[in-house]
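One structure below.
Where a number appears in this text, it was derived from the coordinates with a stated rule and is not lab data. It should be emphasised that the depicted structure is a prediction, and the values quoted were computed from it without experimental measurement. Please note: Cβ atoms are built from the backbone with ideal geometry, for glycine as well, and neighbour counts cover all protein chains shown.
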Amino acid sequence: MFIVRTQGQDIPCEIRGKIKHQTEAATPVAVGDNVVISLSPDGTGMIEEIGRRRSMFFRPSKGSESKKQIIAANIDQLAIVAAIRKPDLKPGLIDRFLIAARIGNLEPVIIINKIDLGGDPFPEEMRIAYFRLGIPIFLISALTGKGMDSLENILKDKKTIFAGHSGVGKSTILNHLMPGLNLRVCEVSDYSNRGVHTTSLVELFELPRGGFVVDSPGLKVLGLWEVAREQLDQYYPEFIELAGQCRFVGCSHTHEPGCAVKKAVDEGLIPAFRYRSYQTIYDSL
Ligand code: GDP
Ligand code: ZN
């Protein structure tokens, strides 16, 4: 069952059978989709058509790796949440999410939570690297409220999906943003496993100051299964700039002599942590 909001009204809807099988994705309809419905006299509705998606955030469907499970559609931003400590910052994970954002056509925003814990600050090297890539970084404490104001400004009037390792403080941030939670719930059903009907909940919350946020369950298992190894450098803008200067066409920037990317890493022009995440992801593809 799906809840469709139309002209301020929430209408429980079923989905027309033929739509379920029209889409290549395992999820026929996702939170954030624009839909056309027909109304029954009893006040329920039927989803007849799904509008073209401007952006998508997805993961491989359980049991069928080649099928996509769309977690949310038509979202503007991906808020990548990490903590300075507890759990420790994982640069590799941030870079994976950045790739997912590009694939899904979402603007990435990095949120570093728990700055009240003190200790090691967010490494300067990372701050500069992401600044140069044009990605906003917010250093906040959801616990004390520090930095939450500027975060709220960037969420206003946009649809943002929150993702990050469990324990980094996503729920705490959302609770801070929405003291009187205005909850919307959507069921994302997985039609790929016939018989076993797995269901997970994706929630779309309306912000008091305008805009929506989505809390995404299970994103820590994010796989970049869609990316071909040879294309990984396309997701590293600071690599592509140099790729034309590599000695070999199609250089993978891993072992080839005369690699301009490796040279730039050695000279400190490309931060080592970005190159390490590239290597790790390259090996995993
Ligand atoms: P989630 O799994 O990402 O939703 O994380 P939670 O919101 O459940 O938070 C995990 C733990 O971190 C909880 O014990 C929170 O109280 C704590 N936490 C969240 N934000 C902060 C923060 O800004 N500072 C500190 N010190 N702890 C926080
Ligand atoms: Zn190279």
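Cα gyration tensor of region 78-137, axes a ≥ b ≥ c as square roots of the eigenvalues: rounded (a/c below 1.5), prolate (a/b > b/c) or oblate?
Verdict is prolate for region 78-137.
Work out, step by step, the length gained on full extension between ILE3 and GLU241: first 0.36 nm times the residue separation, then minus their alpha carbon distance; give nm to one decimal.
Full-extension gain reported as 81.1 nm.
Gain in length, LYS156 to ASP120, computed as 0.36 nm per residue apart minus the alpha-carbon separation, to one decimal in nm?
Extending this stretch completely gives an extra 9.9 nm.
I want to check the label-to-label distance for LYS90 and ARG102. Put each point 7 Å from Cα in the C-beta direction and report it in nm to one decimal.
With each label placed 7 Å out from Cα toward Cβ, I get 2.0 nm.
Given points 7 Å out from each Cα along the Cα-Cβ axis, report the ILE11 to SER284 separation in nanometres with one decimal.
Taking the simple label geometry, ILE11 and SER284 are separated by 4.2 nm.
How would you order 265-275, 124-134 from highest to lowest mean count of nearby Cβ atoms within 10 Å?
265-275, 124-134
Give me GLU226, GLU107 sorted ascending by neighbouring Cβ count inside 10 Å, so fewest comes first.
GLU226, GLU107
How many nm separate the modelled label positions at SER252 and THR172, each set 7 Å beyond the Cα in the direction of the Cβ?
About 4.1 nm, to one decimal.
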